[in-house]
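Undergrad: Mind having a look at this structure? Questions to follow.
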Amino acid sequence: QVQLVESGGGLVQPGGSLRLSCAASGIIFSMNTAGWWRQAPGKQREMVAGITSGGRKNYGDSVKGRFTTSRDNDKNTLYLQMNSLKPEDTAVYYCNVWRGSEGYWGQGTQVTVSS
C-alpha cells in the first residue's frame, strides 16, 4: 500500500521561507517520477515542481527561481524548499508520485502566506 505523508506547511510572512517534506512508504521515490502540486481556493490544481527517477527537475513558471525540489534517497523523502514566498503561493500543497500510469497523492499540507 502506497502512503505519502506531507509535513512542513504553516503560516509565513511574505518574503519568508518554508520547507515541505513528503515521506513515502510502499513506493520508492528514486525509481519513479514524483513532484509537488498545489491548489488554491477556487482554482485548479497546478504543478509546482517535478523530479524524475534520473533526477531531472522541472518547475512551474510561477515558482521558477524561488522553489527547489530535492529528495533524500536514504530516507525516501521528497522536499520542496520555498523561498521568497508571496501571498499568491497560498494553497494546499500535495506530494505525488507516479508508478507507470498510476498516480498516488498525499493528503496535502496548507501553506498560507500573509502578513
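The values are calculated or read from the model by the stated rules, or taken from the named source; none is laboratory data. Predicted model, so just to flag it, every value in this text is computed and none were measured. Note: ideal-geometry Cβ built from the backbone for every residue, glycine included; neighbour counts use all protein chains shown. Just so you know, the surface numbers come from the protein's heavy atoms only, side chains and all, with ligands and any DNA or RNA stripped out. Shrake-Rupley method; radii C 1.70, N 1.55, O 1.52, S 1.80 Å.
Undergrad: If the requirement is being over 21 Å from Ser115 (Cβ atoms), open to solvent by less than 70 Å² (accessible area, probe 1.4 Å) and either touching a Lys or Arg at 6+ places or on another chain (Cβ under 9 Å) or not polar (S, T, N, Q) (or both), which of these qualifies: Gly15, Gly55, Gly9?
TA: Matching residue, one of Gly15, Gly55, Gly9: Gly55.
Undergrad: Counting only residues that are open to solvent by 50 Å² or more (accessible area, probe 1.4 Å) and more than 25 Å from Leu85 (Cα to Cα), how many does the stretch 27-52 have? It would help to see each step written out before you state the result.
TA: Here is the first cut: in the stretch 27-52, the ones open to solvent by 50 Å² or more (accessible area, probe 1.4 Å) are 28, 31, 33, 37, 39, 41-47.
Filter again for more than 25 Å from Leu85 (Cα to Cα), leaving 28, 31, 33.
Total meeting the criteria: 3.
Undergrad: What are the residues in the stretch 66-77 that are assigned to a strand (DSSP E or B) and over 13 Å from the mean Cα position of the chain (by Cα), if any?
TA: First pass over the stretch 66-77, keeping only residues assigned to a strand (DSSP E or B): 67-72, 77.
Across the stretch 66-77, the qualifying residue is only Asp72.
Undergrad: Among the residues of the stretch 14-65, what is the count of those that are under 23 Å from Thr90 (Cβ atoms), among the aliphatic types (A, V, I, L, M) and part of a loop (DSSP other than H, G, I, E, B)?
TA: 2
Undergrad: Does Lys86 satisfy being at pLDDT 95 or above, closer than 18 Å to Arg19 by Cβ and open to solvent by 30 Å² or more (accessible area, probe 1.4 Å)? Steps first, please.
TA: Working: at pLDDT 95 or above: yes; closer than 18 Å to Arg19 by Cβ: yes; open to solvent by 30 Å² or more (accessible area, probe 1.4 Å): yes.
Taking the combined requirement at face value, the residue satisfies it.
Undergrad: In addition: If the Cβ limit is 7 Å and pairs must be 6+ apart or interchain, which residue in the stretch 87-107 that is farther than 20 Å from Lys43 by Cβ pairs with which residue that is open to solvent by less than 70 Å² (accessible area, probe 1.4 Å) and not in a strand (DSSP E or B)?
TA: Partner pairs satisfying both residue conditions: Val97/Ile27; Val97/Phe29; Val97/Asn32; Trp98/Asn32; Arg99/Ile27; Arg99/Asn32; Tyr104/Val2; Tyr104/Ile27.
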